[in-house]
Amino acid sequence: MLEDIKKDAHARMQKSVEALGRELQRLRTGRASTAIIEPLKVPYYGNDTPIMQVANVAIADARSITITPFEKNMVGPVEKAILASDLGLTPTTVGMVIRINLPVLTEERRRELSKHVSHEGENAKVAVRNVRRDAIGQAKELLKEKQISEDDERRFDDEIQKLTDRFVKDIDGVVKAKEQELMAI
């Protein structure tokens, strides 16, 4: 029973770290990355479709992304989706190729993004701690129902705390790496 709770807690904590990684990947760091525009949706035959399904997205160089829609009539909607997004990017269109040039980040913007990274890291830590709280609560419930002993419950609490500490350390590592990437010129 306790082993199942521990496995579930481990899986949920792992998902929190992975979600943080995906969230930070979308952050613009001055280098081109297709992850920046992945969340964008484009109206395609009446449905909002991810941009990656209606166009070929590639990195042209360190500071630019090229988007080539599969259909000529999709150039306008893709441009509009980029302009309407909160990314602050301006597309340039030449024929069927849409180019997005990423401007160099200012020092002020880098610091602002660094604070955002720290905030996202704290949110991930809170999620991990909530998983710990849930797991310990389940163990206390088992103790109350006399399905486990107090020693088992104490041992389980220690194991869950060690697991939590490990994932918090992982989160700190992810946040630190992203902050260094942001502050690199």
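Odds and ends about this structure:
- So Leu113, is it in contact (Cβ under 8 Å) with a residue 12 or more places away in the chain, part of a helix (DSSP H, G or I) and touching a Gly at 6+ places or on another chain (Cβ under 9 Å): no
- The residue that is nearest to the chain's Cα centre (by Cα), counting only those in the range 30-56 that are part of a helix (DSSP H, G or I) and of a type in the set (Val, Ile, Thr), is Ile36.
- Among the residues listed as Glu71, Glu120, Glu79, Glu107, the single one being touching an Asp or Glu at 6+ places or on another chain (Cβ under 9 Å), of a type outside the set (Val, Ile, Thr) and either surrounded by 14 or more Cβ atoms within 10 Å (Cβ to Cβ) or over 30 Å from Leu2 (Cβ atoms) (or both): Glu120
- With respect to the stated conditions, Thr68 is modelled with pLDDT of 90 or more and not assigned by TED's automatic domain parsing to the domain that holds Ala177.
The values are calculated or read from the model by the stated rules, or taken from the named source; none is laboratory data. Because the structure is a prediction, the values reported are computed rather than measured. Cβ: placed from backbone, ideal geometry, glycine included. Neighbour counts: every protein chain shown.
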